[in-house]
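Q: A single structure is presented below for examination.
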Amino acid sequence: MEIAICDDNKLFLNELSEQLVELQTADSILTFSNLDAFFSSLEEGKRYDLVFMDIEWSKDVAGMDAASELYKLSPATKVIYVTGRVDRYSQHIFLHRANMSGYLTKPVDTELLRANLQKVSADLPLGDQPSLVLRQKGTPVSIPLREICFVESSAHTISVHTEDDIITTYERLENIARVLPVEFCQCHKSYIVNMSRIRRFQASEILLKNGERIPVSRSKYSETKEAYFAYIGQKFRKKGI
């Protein structure tokens, strides 16, 4: 999911960005403390699935005006309003034409943020959600890439581990590796890890954010660690404007 955050409070931009990174839903996060910069990105062809829009800028309802302008330029883009003044704006948000999906107050509650992201994700066209397609007992199964924690190979069987399920199929790990994007790294002859799921490296294994551990072979340790730091660096370079 391509996400932009528009808020003139740079501290809040950082806080919300960190929450989104932890929730592992965003493919990219761009932050804007200036609405002119945000609209310049749209004029240059950038499109977002979701924009978090602060309501109160340097003048009243600037955020709602910006959301209305966004709707003209990119009507499919969802908007979640954020504000620290719920008592002031709650009766006005429906008076401006916008593709409004939610309304959050500062500081943003993580569970409410998660629920809003799930709502937006469910509304995205399936073609906009990159997936790994496997055959399980002859039936195609589509697994959203963002849900994959790691892929394991054992005795000619591939097991795709997600947060809630394990999908198995007969396939070679090297064939899976060819179709996965750069966010995935083969850390062992029998394992491919989704780098967005990594919490930390240890001597001979990777600790994932859900508490699971997967091995790192000695021959692939340096390569995997280098790929992970490059991935993290790219992720943070995408965040700030």
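Q: Calculated FRET efficiency, Lys119 and Ser41, Cβ-Cβ r, R0 35 Å, to nearest 0.05?
A: The calculated FRET efficiency here is 0.90.
Q: Give me the compactness ratio for the chain, meaning the Cα radius of gyration over 2.2 N^0.38 Å.
A: My calculation over the Cα atoms of the chain gives 1.14.
Q: Still on this structure, please answer the following. Would you mind checking the pairs Lys72/Lys119; Lys72/Lys225; Lys10/Lys46; Lys189/Lys209; Lys10/Lys209 and listing those with alpha carbons more than 32 angstrom apart?
A: From the list (Lys72/Lys119; Lys72/Lys225; Lys10/Lys46; Lys189/Lys209; Lys10/Lys209), the Cα-Cα distance tops 32 Å for Lys72/Lys225.
Q: At a temperature of 25 °C and a viscosity of 0.890 mPa s, determine how fast the stretch 130-237 diffuses translationally according to Stokes-Einstein, using the Kirkwood radius over alpha-carbon pairs as Rh; express D in µm²/s, rounded to the nearest whole number.
A: D, rounded to a whole number, is 174 µm²/s.
Q: Just need the relative contact order of the stretch 2-127 here, percent rounded to a whole number, with Cα pairs under 8 Å and 6+ apart.
A: With pairs under 8 Å counted, the relative contact order is 23 percent.
Q: Taking only Cα atoms, what is the 0 to 90° angle, nearest 10, from helix 221-237's long axis to the longest principal axis of the chain?
A: 10
Q: Calculated FRET efficiency, Leu145 and Lys10, Cβ-Cβ r, R0 30 Å, to nearest 0.05?
A: 0.45
Q: In sequence order, what are the phi-derived ³J(HN,Hα) couplings for the stretch 181-195 according to the Karplus relation 6.51 cos²θ - 1.76 cosθ + 1.60 with θ = phi - 60°, rounded to whole Hz, with x for glycine and proline?
A: After applying 6.51 cos²θ - 1.76 cosθ + 1.60, I find x, 5, 5, 10, 9, 7, 9, 6, 4, 10, 9, 10, 10, 7, 5 Hz.
Q: Something else: How do the peptides 105-114, 132-141 rank, highest first, by the average count of neighbouring beta carbon atoms within 10 Å per residue?
A: 105-114, 132-141
Q: Provide, as a two-decimal number, the C-alpha radius of gyration of the stretch 2-127 over 2.2 N^0.38 Å, N being how many residues it has.
A: Taking the Cα Rg and dividing by 2.2 N^0.38 Å, one obtains 0.96.
Q: Loop-only GluC sites (Glu not before Pro) in the stretch 1-70, please: DSSP not H, G, I, E or B, and at most 10 other Cβ atoms within 10 Å.
A: Here the sparse-neighbourhood loop sites are Glu44.
Every number in this text was worked out from the coordinates using simple rules, so none of it is lab data. Owing to the predicted nature of the structure, the values given are computational and were not obtained by experimental measurement. Here Cβ is always computed from backbone atoms with ideal geometry, including for glycine, and neighbour counts include all displayed protein chains.
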